[in-house]
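Participant: This is the structure I want to talk about, given as structure tokens.
The values are calculated or read from the model by the stated rules, or taken from the named source; none is laboratory data. Quick caveat, the model's predicted, so the values are computed rather than measured. Heads up, the Cβs are rebuilt from the backbone with ideal geometry, glycines too, and the neighbour counts pull from every protein chain shown. In case anyone asks, the SASA skips ligands and DNA or RNA and just uses the protein heavy atoms, side chains included. Shrake-Rupley method; radii C 1.70, N 1.55, O 1.52, S 1.80 Å.
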Amino acid sequence: PGKRTADTQAVLRGGELKEKFKASPAETISEMRQSLTSDSSTSERLALVELCADTGGRLVASDRAGAVGYYLAAAELTFEPALAAVRRDDWSDPMLAVYNHSAGQVAKVLFDAGHAWGSSTSFEGPWKTYRLQLRAGGRESIDPRDYDHMEAADTIILKNFEMERFRNDGIGAAMVAHTDGSPERRAKNPFLSPIGMTQPVNALLDFRQGTSSVELRLSDLMLVDRAYVRGSRLPMAADLTASIAVQLDYDVDRNKGFKAMIHPDDYLDHTGLYMLEPFRPDQIPVVMVHGLMSEPGVWLTALNALRADPVLRRKYQLLVYRYPTGYPIIYNIASLRKQLEAFQQRHNPDGRSRVMGNMLLIGHSMGGVISNSLVRGSGDVFTNYLFTKPIDELSDLDGETKAALQDLLIFDPAPGVTRAILVAAPHRGSNIASNSIGALGRALIN
């Protein structure tokens, strides 16, 4: 509210409207609308739509329905000019900026107010009543009821993130939707992270020509980057980096990687295979495995770049594996193997999915060693190293212990995993492990 272009400021001063608007915004806007003709200047039109959006922003705290009405009026007046600006690739057009801002604010206000998605609702604007259809779900759309928070991406400031911010210009407002990792949600989906899941979204208002009907669409930007509007496929505004930063902001426990190395028992409950986006049956899962004294945040720059690539984000879905690196590597191999088995059982119970049978692991450092083991299987490498005879012939162990050792030390390649990318993985071991630095590390682990 209150941020107006120089042209709008000039119109207000020239028409002696500045003080009048302060005293009575609704009356001033109504008069400006009545005086608008086909001969009115672009500056006069821009002044009107900016004041509508300004008034909508001022009403959000006290009158949400009224705020939506003013934002709809601003969006309707800028809809055609915004479409024209997008068709000619004019991303600096102020009409496009006002339209996109208004669409985002309508989505944000209605989401926060808990409106009934999938239904039609009337909103009184400054000079007409709008019938707004709130679309919920669909092949290329999100269902707002699946999320707990929604923010306009242009209000999100990336702090302490040294990475490129990938944005796309286009029609509509770039948004971020977030799902909480609550115990209730995680009980339904064991692969939901404790810090939840975020989604880049586009909010677009589509006005039906010659009517008071308008539809609010919330498109899934991981699946689609163009919108069909008035007979054209137009690029949609997107911010693919903001969603990653927002999700990590919910992780308040910093330096978790080091803590999980020296106190692995304290972080056993954090161990898990976690989805970064809703499961999609037609996309190949990619599991990213961090290294020693690390955590999934080490993949931040890679995740950002992979999500920004339109081909990759349509073909692959990204997951991360978090584990306390202070435990023996054999234990963490077994843990990830069980997580992958559970993931297959949940999403590919009959084993027929082609994409689920083509999973990819990306492992860094110790994570590379873990990933390497899971695509190869164990053979008799571990048992030959630890014992001079087969496990079932070890007379001083009971049956339960033997079974546990068999499960840890003898295993086939992980189900569905066909490939691995191994990043700086010490396959021949590391001198650090046996020198004074390694000794200090081992001494710190409880």
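Participant: So how many residues does the range 191-231 have that are among the small types (G, A, S) and surrounded by 19 or more Cβ atoms within 10 Å (Cβ to Cβ)? Reasoning before the result, please.
Facilitator: Start the filter on the range 191-231 by keeping residues that are among the small types (G, A, S), which leaves 193, 196, 203, 210, 212-213, 219, 227, 231.
Those still in the list that are surrounded by 19 or more Cβ atoms within 10 Å (Cβ to Cβ) too: 193, 196, 203, 219, 227.
Count: 5.
Participant: Residue under question is R88, and the condition is that it be within 17 Å of R4 (Cβ to Cβ), open to solvent by 40 Å² or more (accessible area, probe 1.4 Å), charged (D, E, K, R) and at pLDDT 90 or above; does it hold?
Facilitator: Details: within 17 Å of R4 (Cβ to Cβ): no; open to solvent by 40 Å² or more (accessible area, probe 1.4 Å): yes; charged (D, E, K, R): yes; at pLDDT 90 or above: yes.
No; evaluated as a whole, the condition is false for this residue.
Participant: Just need a number here: residues in the range 84-132 that are farther than 25 Å from A47 by Cβ and in contact with a Gly (Cβ under 9 Å, 6 or more places away or on another chain).
Facilitator: Final tally of qualifying residues: 2.
Participant: Taking interchain pairs and intrachain pairs at least six residues apart, which have beta carbon atoms under 7 angstrom, with the first residue in the range 145-157 and surrounded by 17 or more Cβ atoms within 10 Å (Cβ to Cβ) and the second of a type in the set (D, E)?
Facilitator: Short answer, once both residue conditions are applied: A153/D239.
Participant: Only one of A414, A425, A403, A433 is surrounded by 12 or more Cβ atoms within 10 Å (Cβ to Cβ) and in contact with a Leu (Cβ under 7 Å, 6 or more places away or on another chain). Can you tell me which? Steps first, answer last, please.
Facilitator: On the way: A425 fails: in contact with a Leu (Cβ under 7 Å, 6 or more places away or on another chain); A403 fails: in contact with a Leu (Cβ under 7 Å, 6 or more places away or on another chain); A433 fails: in contact with a Leu (Cβ under 7 Å, 6 or more places away or on another chain).
Matching residue, one of A414, A425, A403, A433: A414.
Participant: Name the residues in the range 91-114 that are within 16 Å of N168 (Cα to Cα), open to solvent by 20 Å² or more (accessible area, probe 1.4 Å) and either aliphatic (A, V, I, L, M) or touching a residue at least 24 places away in the same chain (Cβ under 8 Å) (or both), would you?
Facilitator: W91, A97, N100, H101
Participant: Going by what's in this entry, would N332 be described as in contact with a His (Cβ under 7 Å, 6 or more places away or on another chain) and not in a strand (DSSP E or B)?
Facilitator: On the way: in contact with a His (Cβ under 7 Å, 6 or more places away or on another chain): no; not in a strand (DSSP E or B): yes.
Answer is no for this residue.
Participant: I need a count of the residues in the range 339-389 that are assigned to a helix (DSSP H, G or I) and not basic (K, R). Talk me through it step by step, then tell me what you get.
Facilitator: Taking the range 339-389 first, the residues assigned to a helix (DSSP H, G or I) are 339-347, 356-358, 366-376, 381-386.
This time we only want the ones that are not basic (K, R), so: 339-345, 347, 356-358, 366-375, 381-386.
Summing the residues that are assigned to a helix (DSSP H, G or I) and not basic (K, R) in the range 339-389 gives 27.
Participant: Next question, about the same structure. Take the range 390-400 and flag every residue that is open to solvent by less than 90 Å² (accessible area, probe 1.4 Å) and not aliphatic (A, V, I, L, M).
Facilitator: Step one: of the range 390-400, the residues open to solvent by less than 90 Å² (accessible area, probe 1.4 Å) are 390-391, 394, 397-399.
P390, D398, G399, listed by residue number.
Participant: Six or more apart or on different chains, Cβ atoms under 9 Å: show the pairs whose first residue is in the range 193-207 and farther than 14 Å from H178 by Cα and whose second is in a loop (DSSP other than H, G, I, E, B) and of a type in the set (K, R).
Facilitator: D206/R230
Participant: Take the conditions touching an Asp or Glu at 6+ places or on another chain (Cβ under 9 Å) and open to solvent by less than 70 Å² (accessible area, probe 1.4 Å) and apply them to A74. Does it pass? Let's see the steps before the verdict.
Facilitator: Numbers: touching an Asp or Glu at 6+ places or on another chain (Cβ under 9 Å): yes; open to solvent by less than 70 Å² (accessible area, probe 1.4 Å): yes.
Taking the combined requirement at face value, the residue satisfies it.
Participant: Considering every residue within the range 294-302, establish whether at least one is open to solvent by 20 Å² or more (accessible area, probe 1.4 Å), of a type outside the set (V, I, T), within 29 Å of R139 (Cα to Cα) and at pLDDT below 90.
Facilitator: yes
Participant: Count, please, the residues in the range 158-181 that happen to be more than 30 Å from R230 (Cα to Cα) and open to solvent by 30 Å² or more (accessible area, probe 1.4 Å).
Facilitator: The qualifying residues number 9.
Participant: Restricting to the range 256-307, count the residues that are in a loop (DSSP other than H, G, I, E, B) and not acidic (D, E).
Facilitator: Just the residues of the range 256-307 that are in a loop (DSSP other than H, G, I, E, B), to begin with: 263, 271, 276-283, 290-295.
From what is left, the residues that are not acidic (D, E) are 263, 271, 276, 278-281, 283, 290-294.
Here the count works out to 13.
Participant: Yes or no: the range 115-124 includes at least one residue that is closer than 30 Å to L268 by Cβ, without any contact (Cβ under 8 Å) to a residue 40 or more places away in the chain and over 19 Å from the mean Cα position of the chain (by Cα).
Facilitator: Step one: of the range 115-124, the residues closer than 30 Å to L268 by Cβ are none.
Among the residues of the range 115-124, not one is closer than 30 Å to L268 by Cβ, without any contact (Cβ under 8 Å) to a residue 40 or more places away in the chain and over 19 Å from the mean Cα position of the chain (by Cα), which makes the answer no.
Participant: Being outside any helix (DSSP H, G or I), open to solvent by 80 Å² or more (accessible area, probe 1.4 Å) and over 30 Å from T121 (Cα atoms), is that true of even one residue in the range 15-24? Steps first, answer last, please.
Facilitator: Initially, the range 15-24 is screened for residues outside any helix (DSSP H, G or I), giving 15-17, 24.
Then drop every residue that is not open to solvent by 80 Å² or more (accessible area, probe 1.4 Å), which leaves 16.
Now narrow it down to the ones that are over 30 Å from T121 (Cα atoms): 16.
There is at least one residue in the range 15-24 that is outside any helix (DSSP H, G or I), open to solvent by 80 Å² or more (accessible area, probe 1.4 Å) and over 30 Å from T121 (Cα atoms).
Participant: Separate question: Got a sec? Which of L386, L360, L276 is surrounded by 17 or more Cβ atoms within 10 Å (Cβ to Cβ), at pLDDT below 95 and not charged (D, E, K, R)? Give the derivation first.
Facilitator: Numbers: L386 fails: surrounded by 17 or more Cβ atoms within 10 Å (Cβ to Cβ); L360 fails: at pLDDT below 95.
None of the others qualify; the one that does is L276.
Participant: Do we find that T241 is open to solvent by less than 10 Å² (accessible area, probe 1.4 Å), in contact (Cβ under 8 Å) with a residue 40 or more places away in the chain and closer than 22 Å to H347 by Cβ in this structure? Before the answer, list the steps.
Facilitator: Numbers: open to solvent by less than 10 Å² (accessible area, probe 1.4 Å): yes; in contact (Cβ under 8 Å) with a residue 40 or more places away in the chain: yes; closer than 22 Å to H347 by Cβ: no.
When the stated conditions are applied, T241 does not pass them.
Participant: Just to verify a result, which residue in the range 3-14, among those that are of a type outside the set (V, I, T), in contact (Cβ under 8 Å) with a residue 12 or more places away in the chain and farther than 14 Å from A74 by Cβ, is surrounded by the fewest Cβ atoms within 10 Å (Cβ to Cβ)?
Facilitator: Among residues in the range 3-14 that are of a type outside the set (V, I, T), in contact (Cβ under 8 Å) with a residue 12 or more places away in the chain and farther than 14 Å from A74 by Cβ, the one surrounded by the fewest Cβ atoms within 10 Å (Cβ to Cβ) is A10.
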